[in-house]
Each structure stands twice: as C-alpha cells, then as structure tokens.
Amino acid sequence: MGIFEATRYIRAVELVSVDWLKEQGIRCVLIDRDNTCVPRDSKVAPPAVLDWIRRVHEAGITTCVVSNNFHSKQVEQSARELDSDVIHHAMKPAPFAVKAALKKMGVKPEEAILIGDQVYTDVVAGNLAGLRTILVRPQSTADLWYTHIMRIGERLILGNRTFEGE
C-alpha cells in the first residue's frame with residue numbers, strides 16, 4: 001500500500017460501520033474536523049455525524065479530533081460538540097500530531113484509525129504514523145483556496161475509485 005492510499009474509501013464518516021471498527025480491534029478513532037465531521041460552510045456537525053459519534057462511544061471506542069485548523073476555539077468547540085478529545089494545529093501530513101494523539105489516548109497505532117477527507121493531509125499523516133486510514137468524501141465544496149488546488153492532485157490519484165456507499 002502506498003503512502004497516498006487509504007485502507008478504505010467510504011462516502012461519509014457516518015457510514016463507517018461501528019461493528020467493523022470493533023471487529024478490527026479499533027479502540028480509538030482519530031477524526032479530522034473540517035469537511036470530515038463538520039462541513040466547512042456550516043461549522044456545525046450534522047445530526048448524522050453526532051449520532052455516529054454517539055454509537056462509536058457506546059461501543060467503547062474513544063475519539064480524538066486531529067485538525068490542522070489554527071482556529072483553536074472553533075476546533076475545541078467542535079470537539080466538545082463531538083464529545084471528543086482534541087489536537088489542533090496538527091500540521092498534517094507530518095505524523096507528529098497523530099502520534100501525540102495516540103499517546104494522549106493511550107493506544108497503539110494498530111488500535112487506532114484515522115478518518116479524513118484529504119489524501120495529502122489525513123491519509124498521508126495516518127500512513128506515516130502507522131495507522132489504518134479511511135478517506136471520506138468532503139461534506140462541502142467550500143474549502144480553503146489551497147485545498148482546492150490540492151483536490152486537483154487528489155482527483156488524479158483517486159481516478160475513478162468508487163467509495164463505499166455511493
């Protein structure tokens with residue numbers, strides 16, 4: 001598996017099977033914030049994501065938001081809304097924040113998974129840290145200007161890949 005390749009491709013975070021996570025021995029989900037669990041154009045997690053997070057927690061799996069976003073208060077508010085721990089200013093694709101999240105959550109790489117909407121940040125950071133990764137489609141077309149540029153490269157990498165749930 002290459003550095004730009006996710007373990008799984010699923011249309012939306014709320015479609016990730018909690019049973020599958022348990023079967024895989026996942027004890028902690030590291031989750032990106034912007035356009036993974038909180039649409040960039042609304043700043044609030046949709047009810048389906050909140051319900052999914054609740055089911056993850058009920059299954060005994062912890063969660064930690066790992067976000068590149070530098071707006072600490074917004075990220076912390078989202079983490080509270082998601083009842084999750086948080087690491088902001090993550091600087092993904094560097095794996096340092098992912099490794100810090102593993103330490104904070106008390107899990108080994110094989111006990112965690114990283115879910116995000118960007119190949120060049122989320123998937124690469126998770127792969128560099130030794131985690132399994134899930135790439136989801138972005139919740140919104142609203143993005144930072146440089147993310148729009150990176151999405152062009154992502155389309156080349158992804159080609160006509162089908163995401164589960166499409």
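Just a few scattered comments:
- Residue match in the stretch 14-30 (condition: among the hydroxyl-bearing types (Ser, Thr, Tyr) and under 14 Å from the mean Cα position of the chain (by Cα)): no
- Only residues that are in contact with an Asp or Glu (Cβ under 6 Å, 6 or more places away or on another chain), part of a helix (DSSP H, G or I) and buried (at least 20 other Cβ atoms within 10 Å of the Cβ) were counted in the stretch 5-60, giving 2.
- Condition broken by residue 92, with the remaining ones in (1) touching a Ser or Thr at 6+ places or on another chain (Cβ under 9 Å); (2) at pLDDT 95 or above; (3) in a loop (DSSP other than H, G, I, E, B) satisfied: (2)
The rows are residues; the columns are (1) of a type in the set (A, V, I, L, M, F, W, C); (2) more than 18 Å from residue 163 (Cα to Cα).
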residue: 9; (1), (2): no, no
residue: 14; (1), (2): no, no
residue: 17; (1), (2): no, no
residue: 57; (1), (2): no, yes
residue: 88; (1), (2): no, yes
residue: 92; (1), (2): no, yes
residue: 107; (1), (2): yes, yes
residue: 113; (1), (2): yes, no
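- Filtered residue count, the stretch 122-152, keeping only those that are of a type in the set (Ser, Thr, Tyr) and modelled with pLDDT of 95 or more: 1
- Qualifying residue in the stretch 84-98 (condition: of a type in the set (S, T, N, Q), within 15 Å of residue 62 (Cα to Cα) and touching a residue at least 24 places away in the same chain (Cβ under 8 Å)): yes
To keep it simple, each residue is scored yes or no on (1) within 14 Å of residue 84 (Cα to Cα); (2) of a type in the set (A, V, I, L, M); (3) in contact with a Ser or Thr (Cβ under 7 Å, 6 or more places away or on another chain).
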{"site": "39", "(1), (2), (3)": "no, no, yes"}
{"site": "45", "(1), (2), (3)": "yes, yes, yes"}
{"site": "48", "(1), (2), (3)": "no, yes, no"}
{"site": "66", "(1), (2), (3)": "yes, yes, no"}
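- Any pair with Cβ under 7 angstrom, 6 or more apart, that starts in the stretch 38-62 at a residue that is within 17 Å of residue 74 (Cα to Cα) and without any contact (Cβ under 8 Å) to a residue 60 or more places away in the chain and ends at one that is polar (S, T, N, Q) and surrounded by fewer than 19 Cβ atoms within 10 Å (Cβ to Cβ): 43/74
The values are calculated or read from the model by the stated rules, or taken from the named source; none is laboratory data. The structure displayed is predicted, hence computed values, not measured ones. So basically every Cβ, Gly included, is an ideal-geometry build from the backbone, and we count neighbours across all protein chains shown.
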